[in-house]
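*Asks:* Quick one: this structure, given as structure tokens, is what I'll be asking you about.
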Ligand code: ATP
Ligand code: MG
């Protein structure tokens, strides 16, 4: 890797490192402040904007090589409470990447058909092909978050009674960790993001949705009901992160009270993951070189 790149990587690591969880043991959600901006203050916002723009540019370049190499795939998992900025982050961070190499899936409440299968079924069907980036806007983690907070949802999953014990969440988390290990061994780069918004900021954003006619459509009264379960959700998130953070599928718990900072750290984490793959365009072998020379000759030999 070039020296310049290595230096930038060091800076990226400094920005992303405090929020990257690769070992779950001992992780506490309260150690990460949703209002944190990593020492960058809002006066530097134009600076942050430039950094984000540069990050996105790098990502675009890397994605092109990633697509051409056709070896790895990348799965980006986004989880968050409502109004934490998942949609906006996905939109901003992925702006400019080649849509052919990228797919976004948003997971809502499961259908009857989906409930008739094992919980991973519907997510597995959406995994990215080699060379592609797959974005999960909500994911299989909902199976240990919303389903854990609202146990009546578990009943709808039609599991045999003897499999529903008090260990079910721990078992699911183990299965998820195992599934992600499997993906990593298949060449999938798994990056998980929890956009960590504070309850106070969520209230402010809900009120904004109520106050501004253009944002009314985003508001759902169900979101306010879910807010009532805040503590349960935070406990479920903490447990999930503890049980599934690993080197091959790290969690990034990203402060989300300031959207500019959230986007910057997410973009930086993705660039970092790409660079670590040391991607290069596929080398052309002798046979292919001959082929190219012949094609050139044919083109040059045409009359018009
Ligand atoms: P936004 O509100 O920004 O448009 P969203 O992801 O919140 O995006 P909604 O349609 O509001 O989308 O909500 C989807 C709902 O589906 C969430 O409340 C989520 O908890 C729920 N959901 C997702 N997966 C499952 C699941 N496996 N079982 C039950 N509910 C689920
Ligand atoms: Mg919603």
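Taken together, the values in this text are just the output of simple stated rules run on the coordinates, not laboratory data. What you are looking at is a predicted structure, and each value in this text was computed from that prediction instead of being measured.
*Asks:* Out of all Cα-Cα pairs in the range 27-77, roughly what percent, to the nearest whole number, are more than 15 Å apart?
*Replies:* Summing the P(r) of the range 27-77 above 15 Å gives 67 percent of all pairs.
*Asks:* Where is the GNM fluctuation largest for the chain (alpha-carbon springs, 10 angstrom cutoff): 97, 144, 224?
*Replies:* 224
*Asks:* If you wrap a convex hull around the alpha carbons of the range 1-89, what volume per residue comes out, as a whole number of Å³? Please list the in-between numbers first.
*Replies:* Details: hull volume 14.8 nm³, N = 89.
Given the Cα convex hull of the range 1-89, per-residue volume reads 166 Å³.
*Asks:* Could you work out how far helix 168-185 tilts from the main Cα principal axis of the chain, as a 0 to 90 degree angle to the nearest 10?
*Replies:* 0
*Asks:* Follow-up. Where does the range 195-304 land on the Kirkwood hydrodynamic radius, alpha-carbon pairs, in angstrom?
*Replies:* 19.3
*Asks:* Let me ask something else about it. Given springs between every Cα pair under 10 Å in a Gaussian network model of the chain, which of 13, 36, 214 has the largest fluctuation?
*Replies:* It is 214.
*Asks:* Could you give the radius of gyration (one decimal) and Dmax (whole number) of the Cα atoms in the range 42-171, in Å?
*Replies:* My reading of the Cα-based Rg and Dmax gives 18.3, 58 Å.
*Asks:* When the Kirkwood radius is taken over all Cα pairs of the range 3-300, what Stokes-Einstein diffusion coefficient follows at 25 °C and 0.890 mPa s, in µm²/s?
*Replies:* Value of D from the Cα-based Kirkwood radius: 118 µm²/s.
*Asks:* Taking only DSSP H segments of four or more residues, each worth -39500 (n - 2.57), what value at 222 nm results for the chain once the sum is divided by all its residues, to the nearest 500 deg cm²/dmol?
*Replies:* My calculation for the chain gives -15000 deg cm²/dmol from helical runs alone.
*Asks:* Can you tell me the 0 to 90 degree angle between the C-alpha axis of helix 230-244 and the longest principal axis of the chain, rounded to 10?
*Replies:* 50
*Asks:* Determine the shape class of the range 60-132: with a ≥ b ≥ c the square roots of the Cα gyration tensor eigenvalues, call it rounded for a/c under 1.5, and otherwise prolate if a/b is greater than b/c, oblate otherwise.
*Replies:* Because a/c hits 1.5 or more and a/b fails to exceed b/c, the range 60-132 counts as oblate.
*Asks:* A follow-up question, please. Could you give the distance between the Cα centres of the range 1-56 and the range 118-179, to the whole Å?
*Replies:* 29
*Asks:* Give the angle, between 0 and 90 degrees and rounded to the nearest 10, that separates the Cα long axis of helix 199-211 from the longest principal axis of the Cα atoms of the chain.
*Replies:* Roughly 80 degrees between the two axes.
*Asks:* Convex hull volume of the Cα atoms in the range 118-244, per residue, in Å³?
*Replies:* Measuring per residue, one finds 139 Å³ for the Cα hull of the range 118-244.
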